Amino acid sequence: MSGLLGQINPGLLLILVGFAGCLIPVQRVRQALMVATPVVAILMLAMADRGTDLATASVIGLDLVLYKVDSLSFIFGLAFLIASLLNAIYALHTDDRLQDGMALAYAGAAVAATFAGDLMTLFIFWEITAVSSVFLILRAGTKAAYQAAMRYLGVQIFSGVLLLDGLAYVYKSTGSLSLEAFTSFDQPGAKLIFAAFAIKAAFPFLHNWLQDAYPKATVVGAVVLSAFTTKLAVYAFARMFPGFEMLIWIGAVMTVFPVFFAVIENDLRKVLSYSLNNQLGFMICAIGIGTPLAINGAAAHAFAHIIYKGLLFMSMGAVLYRVGTAKASELGGLYKSMPWTTIFCIIGAVSISAFPLFSGFVAKAMTMSAVAKEGYIIVWLMLLFASAGVLEHSGIKIPYFTFFGHDSGKRVKEAPFNMLLAMGMAAFICIAIGLPTIGGFGYGWLYNMLPCTVTAPADVCLASGKEIKPYAPYTVDHVLTQLQLLMFAVLAFILLKRFGLYPPEKPGTILDTDWLLRKPGYGMVMWAGTVWGKAGPALTAFFGRIGSRTFEKIETTFSPRGALARGPLTLGMAMWSAVLLGVVMLVVLLAS
């Protein structure tokens, strides 16, 4: 039995139970399944053998690998399964069949895609993530959520179309659907697949779907969305594009530009969405570096980020659930009535800020070291600035304006127990993998799962196929450098607040690059529609008359009653046949 379970992709179990959950009306039964299924899936993953094709199929002549585990897919898949368990516990206070089922199916699709062993299987589950996740936005039930969901779905489906086109080129040129890493953009399909991944990873100018959709999702939906889509894209980049230098600069820009938007944004769930872009940038930059240390940094950062970003979205979701808003201008003083949520939010904030003794520190340190080691000084300075920025907008702004700051006078109940339990479990993980290794706890547990370790087989290390020495984050220079950065960032926040220079929290709409589509682009479409509405009938009639006259001339010439049908056949038809033959020969001569 254990052997059979070890050969089934755990994502398939989550998808099947998720779809079934949409049909189960009894809340207790359904939610018990939602919680138990990720636990079973984790056990299934623990039984799986690594490095072999565990499940294969042949469909319409294509050989598909449905389940394959190595060190890179293992750490991402385990993080996804842990997140799905935390999300299921967090949602226990709700009675929403569609949300419960689609949340689990969405998580399952991400897990299944992570363990896909070929491009077609990856594409199938890539599209399931898009279709299932849109319901987490729709269930908010507002007009804004519906519109955002439709835009989100269009973008995600477009990403899938690009991936399908890319794999078609790969299959045509190689006869294989292998997930082997590309070595250049000159390879067939590489650019299309890169673009598909870029959309899902929310690259600059392709990122607006994230800030548009996530803040409009349900309380539970935003938590679930934060864990899977973008990290699946990070996994895909690490799998197929390690060492592409352009990713270094794209990632560096991703870390910097969200800082400016997050500082002035009033909606705190949107602040976290911009912060998500910032953190993705560190991972993409590390993948671009492509060394074993950098690939490890990307994988460790993704694992830690899934947990602490989920914790921050959970805390803001609890506030939204109790207070009815996540706007900084309407919050403050909530530590008095939501003390546990406050504590958990602070743990998530210090984790994302990379304070020593928390998960973000042991993950981000590897990326910073890899960038410095390869001599990218400008990139290193950009990441340093971005690190200070994330402390400001996620480490300080989120907890300060929500729970402290000015007292809004709102007195509410503490979050429901299941929310607190999920937040507590996430907070425990943030601390457990951030501590120096003592016994079974500490960062050593995380580092031992990384794809390029001294215990990993050489072929698992995607970047170079070489083993590397264990990385030690708790050195004097690492700790002192990070503490100096954090203290100066805190001091800057205090001084800006003291002298009234910090941007005030007030309602408003922050313009991003999607403004170009929403305003000028939309205006041009509407203008074109208006012009066509006025000129369309006249243009249609004009071209209709030309077409009718042209058809009459052709019919007059070539019909049985036309000019070519008159007189002896050897005269008219022979003459026109010679003329047409001459035209064809002239065209051929010119073309050659």
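The values are calculated or read from the model by the stated rules, or taken from the named source; none is laboratory data. Because the structure is a prediction, the values reported are computed rather than measured. Please note: Cβ atoms are built from the backbone with ideal geometry, for glycine as well, and neighbour counts cover all protein chains shown.
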List pairs: first residue in the range 411-426 and touching a residue at least 60 places away in the same chain (Cβ under 8 Å) and in the same structural domain as SER359 (by TED's automatic domain parsing), second residue of a type in the set (A, V, I, L, M) and part of a loop (DSSP other than H, G, I, E, B) anywhere in the structure, Cβ distance under 7 angstrom, at least six positions apart or on different chains.
VAL412/MET338; GLU414/MET338; ALA415/MET338; ASN418/LEU92
Per the filter on the range 293-326, residues farther than 28 Å from TYR90 by Cβ, of a type outside the set (Gly, Ala, Ser) and surrounded by 24 or more Cβ atoms within 10 Å (Cβ to Cβ) are ILE295, ASN296
The listed residue being within 19 Å of ALA110 (Cβ to Cβ) and surrounded by fewer than 23 Cβ atoms within 10 Å (Cβ to Cβ), out of ALA32, ALA20:
ALA20
Counting only residues that are within 26 Å of the chain's Cα centre (by Cα) and farther than 26 Å from LEU483 by Cβ, give me the helices (runs of 4 or more DSSP H) lying completely in the range 291-391 with at least 1 of them.
292-323
Looking at this structure, is ALA286 crowded, with 24+ Cβ neighbours inside 10 Å, within 19 Å of TYR400 (Cβ to Cβ) and not polar (S, T, N, Q)?
no
Odd one out for PHE158, checked against (1) over 20 Å from LEU104 (Cα atoms); (2) crowded, with 19+ Cβ neighbours inside 10 Å
(2)
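On the basis of being outside the structural domain of LYS231 (by TED's automatic domain parsing), surrounded by fewer than 23 Cβ atoms within 10 Å (Cβ to Cβ), in contact with a His (Cβ under 9 Å, 6 or more places away or on another chain) and not polar (S, T, N, Q), does PRO356 make the cut? First the steps, then the outcome.
Working: outside the structural domain of LYS231 (by TED's automatic domain parsing): yes; surrounded by fewer than 23 Cβ atoms within 10 Å (Cβ to Cβ): yes; in contact with a His (Cβ under 9 Å, 6 or more places away or on another chain): yes; not polar (S, T, N, Q): yes.
Taking the combined requirement at face value, the residue satisfies it.
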Being crowded, with 17+ Cβ neighbours inside 10 Å, assigned to a helix (DSSP H, G or I), within 26 Å of the chain's Cα centre (by Cα) and not small (Gly, Ala, Ser): is that true of LEU13 here?
yes
Anything in the range 67-105 that is among the β-branched types (Val, Ile, Thr) and in contact with a Leu (Cβ under 9 Å, 6 or more places away or on another chain)? List them, or say none.
VAL69, ILE75, ILE89
Out of everything in the range 199-212 that is in a helix (DSSP H, G or I) and modelled with pLDDT under 95, what residue ends up being farthest from ALA422 (Cα to Cα)?
ASN208
Return the pair list, or none, for Cβ contacts closer than 7 Å from residues in the range 204-215 that are closer than 17 Å to PHE158 by Cα to residues that are of a type in the set (Lys, Arg), at least 6 apart or on different chains.
TRP209/ARG151; ASP212/ARG151
Given (1) within 13 Å of LEU12 (Cβ to Cβ); (2) in contact (Cβ under 8 Å) with a residue 40 or more places away in the chain; (3) not acidic (Asp, Glu), index of the condition LEU122 fails:
(1)
Residue by residue through the range 123-174, note down the ones that are within 21 Å of TYR67 (Cα to Cα) and basic (Lys, Arg).
none
Find all pairs meeting these conditions: Cβ atoms under 7 angstrom apart; at least six residues apart or on different chains; first residue within the range 490-509 and assigned by TED's automatic domain parsing to the domain that holds PHE385; second residue among the acidic types (Asp, Glu) and part of a helix (DSSP H, G or I).
PHE493/GLU392
The range 395-407, residues that are outside any loop (DSSP other than H, G, I, E, B) and either more than 31 Å from the chain's Cα centre (by Cα) or of a type in the set (Lys, Arg) (or both):
LYS397
Within the range 27-42, does at least one residue satisfy the condition of being in contact with a Pro (Cβ under 9 Å, 6 or more places away or on another chain) and either part of a loop (DSSP other than H, G, I, E, B) or not assigned by TED's automatic domain parsing to the domain that holds LEU136 (or both)?
no
Residue count, the range 298-325, condition of a type in the set (Gly, Ala, Ser) and in contact with a Cys (Cβ under 9 Å, 6 or more places away or on another chain), comes to 5
Please give the number of the condition VAL256 fails out of (1) touching a Leu at 6+ places or on another chain (Cβ under 7 Å); (2) surrounded by fewer than 24 Cβ atoms within 10 Å (Cβ to Cβ).
(1)
Quick count over the range 259-269, residues being surrounded by fewer than 24 Cβ atoms within 10 Å (Cβ to Cβ) and either among the aliphatic types (A, V, I, L, M) or within 20 Å of the chain's Cα centre (by Cα) (or both), is 4
If we only count helices (runs of 4 or more DSSP H) wholly inside the range 408-504, which ones have 1 or more residues that are at pLDDT below 85?
476-498
Matching option when the condition is surrounded by fewer than 19 Cβ atoms within 10 Å (Cβ to Cβ) and among the aliphatic types (A, V, I, L, M), among ALA144, ALA198
ALA144
Determine which single condition GLY166 fails, assuming it passes every other condition in (1) over 21 Å from VAL59 (Cβ atoms); (2) buried (at least 16 other Cβ atoms within 10 Å of the Cβ).
(1)
Output for the range 318-348, where each listed residue is modelled with pLDDT of 95 or more and closer than 20 Å to VAL390 by Cα:
THR342, ILE343, PHE344, CYS345, ILE346, ILE347, GLY348
